[in-house]
1. If the requirement is being within 26 Å of W300 (Cβ to Cβ) and of a type in the set (A, V, I, L, M), which of these qualifies: A165, A199, A92?
2. May I ask you to list the residues in the range 118-158 that are assigned to a strand (DSSP E or B), open to solvent by 10 Å² or more (accessible area, probe 1.4 Å) and more than 22 Å from V310 (Cβ to Cβ)?
3. With the condition being buried (at least 20 other Cβ atoms within 10 Å of the Cβ) and at pLDDT 95 or above, I'd like the strands (runs of 3 or more DSSP E) fully within the range 1-107 carrying at least 2 qualifying residues.
4. Among (1) closer than 27 Å to D43 by Cα; (2) open to solvent by 10 Å² or more (accessible area, probe 1.4 Å); (3) in a strand (DSSP E or B), there is one condition V115 misses while meeting the rest; what is its number?
5. Residues that are open to solvent by less than 40 Å² (accessible area, probe 1.4 Å), without any contact (Cβ under 8 Å) to a residue 24 or more places away in the chain and closer than 27 Å to P118 by Cα, at least 2 per element: which strands (runs of 3 or more DSSP E) completely within the range 243-326 meet that?
6. Within the range 248-287, can you find the residues that are hydroxyl-bearing (S, T, Y) and either touching a strand residue (DSSP E or B) at 6+ places or on another chain (Cβ under 6 Å) or modelled with pLDDT of 85 or more (or both)?
7. What residue, of R132, R95, R111, is more than 20 Å from the chain's Cα centre (by Cα) and over 30 Å from C164 (Cβ atoms)?
8. Tell me, yes or no, whether the range 219-236 has at least one residue that is more than 28 Å from P118 (Cβ to Cβ), open to solvent by 10 Å² or more (accessible area, probe 1.4 Å) and in contact with a Ser or Thr (Cβ under 9 Å, 6 or more places away or on another chain).
Amino acid sequence: MLPPVNLRPSFNITRSSHVRLTVADLAESRNFYVNVLGLVVSDEDERTCYLRGLSEACHHSLVLELDEDGAGRCRRIGFRVFFDDDLDLAYAWFRARGLPAEWVDVPYQGRTLHVSDPIGTPLELCAHMETRPRLHINFEQYKGAHAQRLDHYQTFAPDTYELCAFYGELGFRNSEYLAHGDKLLGAFMYRKGTCLDLAIVENTGPALHHFAYTVSESHDIFTACDWAGIAGYGDGVERGPGRHGPGGMLFAYLRDPDGHRVEVFNSHYQTIDTEIEPVRWDAGSLSTNARWGLPAQEKWYFEASPFVGVPQIPPAEPPKPMSLERFLLEQSEH
């Protein structure tokens, strides 16, 4: 069912690191992420805002880039590698497979490598960033939902198995997966020893479905929703609060002013040991909730932020999730 995993990959990706988004109004987007999620501004200028979570010491986990004509897109998702040497190994590895690899200069980061996976998902790899003080016990500075750290991304791909195999070669392991019969539809993959750094779900892609921040307390998830309402973004509380089946965590999904989807949730279990087997979820009986809660709206399953300049490919068979609309229709027919 799952492709093999290389437990000794050619270079060492350690975790999901940062995401770069385009926005139409930098001040409005800054207001959302500071006052609703509770992120901290590390640096900013007229066209860019660098933010981090309260428990993060590295300079940024979210970069907002002003683009009045191309807002609502994702420029890149970032991963950290352990050593600078890993960047050289990654460069050679991608070039040997005919995949893009280019050195770039990026503010507040050390040596940085731009690469793409086989379907064109733009990735940014670095080994170092400037640091700033952690503010997780500076309670007097808390705002919004007190978001602590970036945890993971979920992306769309036209063939989950093929892309899962690619990331498996890079050492990404599966904590859980979503299948229908012998068809792999969703892969929940990790490097850092919790159950998720990158989720891959079969749909038109590549596209960024969401990125996620952890919170320390379950009530902070409700706080995110409350502050969204107070700040005028209440209609953007798209799903939850609820409890996931895969992962088991409590969550809420919000849409930012440009339609980017961000999740706040209360963290994961540990998955370091090699004997732990991935957990299978049956897509035929799953709305991605655990035991309670209505399914998500159809737009949650299909809408996502496109990547800048990357064409999208539809899957061979369109997804048929148990959406809220489908659930209510079936209920009315009984």
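The values are calculated or read from the model by the stated rules, or taken from the named source; none is laboratory data. Just so you know, these numbers come straight off a predicted model, no measurement behind them. Note: ideal-geometry Cβ built from the backbone for every residue, glycine included; neighbour counts use all protein chains shown. In case anyone asks, the SASA skips ligands and DNA or RNA and just uses the protein heavy atoms, side chains included. Shrake-Rupley method; radii C 1.70, N 1.55, O 1.52, S 1.80 Å.
1. Values: A165 fails: within 26 Å of W300 (Cβ to Cβ); A92 fails: within 26 Å of W300 (Cβ to Cβ).
The unique qualifying residue is A199.
2. M129, T131, R149
3. Numbers: elements: 13-23, 40-44, 48-52, 62-66, 74-81, 101-104.
Qualifying strands (runs of 3 or more DSSP E): 13-23, 40-44, 48-52, 62-66, 74-81.
4. So V115 meets the others, but not (2).
5. Details: elements: 250-255, 261-265, 279-282.
The strands (runs of 3 or more DSSP E) meeting that bar number zero.
6. To start, the set of residues in the range 248-287 that are hydroxyl-bearing (S, T, Y) comprises 253, 267, 269, 271, 274, 285, 287.
Selection gives Y253, S267, Y269, T271, T274.
7. Details: R95 fails: over 30 Å from C164 (Cβ atoms); R111 fails: over 30 Å from C164 (Cβ atoms).
Answer to the check: R132.
8. Our first condition is that a residue be more than 28 Å from P118 (Cβ to Cβ); within the range 219-236, this holds for 219-236.
The next check asks that each one be open to solvent by 10 Å² or more (accessible area, probe 1.4 Å); those that pass are 219, 222-223, 225-227, 229-236.
If we keep only those that are in contact with a Ser or Thr (Cβ under 9 Å, 6 or more places away or on another chain) as well, we get none.
Checking the range 219-236: not a single residue is more than 28 Å from P118 (Cβ to Cβ), open to solvent by 10 Å² or more (accessible area, probe 1.4 Å) and in contact with a Ser or Thr (Cβ under 9 Å, 6 or more places away or on another chain).
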